[in-house]
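Structure first, then comments.
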């Protein structure tokens, strides 16, 4: 039977997960942020393959009330033993197969076949949604130089405000067409680092945030203000916030997203050999 990790055991769990970085960054940072925010956001159920945390090899995380929750259950995973991972995913109560749709977010490419096989066993259709590579910050001089650039007169940079949740909610391109409820966008702002640049009229014109599982994303700039370096400054500032917290800045992007790759490379990010996938399982 799978072991559900209790909240007071999370620090010990993080010690084990630290040994597997950076390959497990999505799971590591999801658990880290869950603990930092007292499991209020993200709110996560954590399952492992061993009663003894120090001897675990596999972990599955179910993130509650995620913005896709209206249509699916959302999971993350990591493992250093794929046999044990296959066993863990198939244990009662770990994956809610009765939902009808299950999303796996940013899971290691090496685990794809295991997820697909278990899906077939439960009569789910497997669909690969995306392949992405991880980029990590290698040149801190570049990012510091960008972060220190001046803004136009009257423009300010600060943490996003509660009212900015409307802007986040209205963004196009949310995964699977699932626009998040306003309350969840407010949670993004309350519990995770989010920065914005405001013009002289205090209107939000550019923004970015650190996602629940640790990468910098949801970056955007209103059309009239694009190609002026605002998104670069915000991303650089968030990168430094992560460094100052003793953590590692990283992003994920597909190999054909040349705009994102060029954008982050100029800031000092470099591609790694770590590859993640997003996949959807649908009841047949």
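Ranking of 43, 61 by neighbouring Cβ atoms within 10 Å, starting from the fewest: 43, 61. Here the range 168-280 yields Rg over Rh of 0.95, to two decimals, using C-alpha coordinates and the Kirkwood radius.
Of the labelled figures (i) 44, 30, 14; (ii) 33, 20, 18; (iii) 40, 22, 16, only one reflects semi-axes √(5λ) of the Cα gyration tensor in Å as derived from the coordinates, namely (ii). Against the chain, whose longest principal axis comes from its Cα atoms, helix 112-121 is set at around 50 degrees. Computed from Cα positions, the angle between helix 230-244 and the longest principal axis of the chain comes to roughly 60 degrees. Ranking of 103, 225, 198 by neighbouring Cβ atoms within 10 Å, starting from the fewest: 225, 198, 103. Summary of the geometry: the range 181-212 and the range 15-48, compared by the centres of their Cα atoms, lie 22 Å apart.
Taking the longest Cα principal axis of the chain as reference, the axis of helix 25-36 is set at about 80 degrees.
Oblate is the label for the range 1-99, because the ratio a/c of its alpha-carbon gyration tensor axes (a ≥ b ≥ c) is 1.5 or higher and a/b is not greater than b/c. Remark: 45, 215 ranked as 45, 215, counting other beta-carbon atoms within 10 Å and listing the fewest first.
The numbers here are math on the coordinates, done by the rules we state, and not lab data. Keep in mind the model is a prediction, meaning the values are calculated, not measured. All Cβ positions, glycine included, derive from the backbone under ideal geometry; neighbour counts span all protein chains shown.
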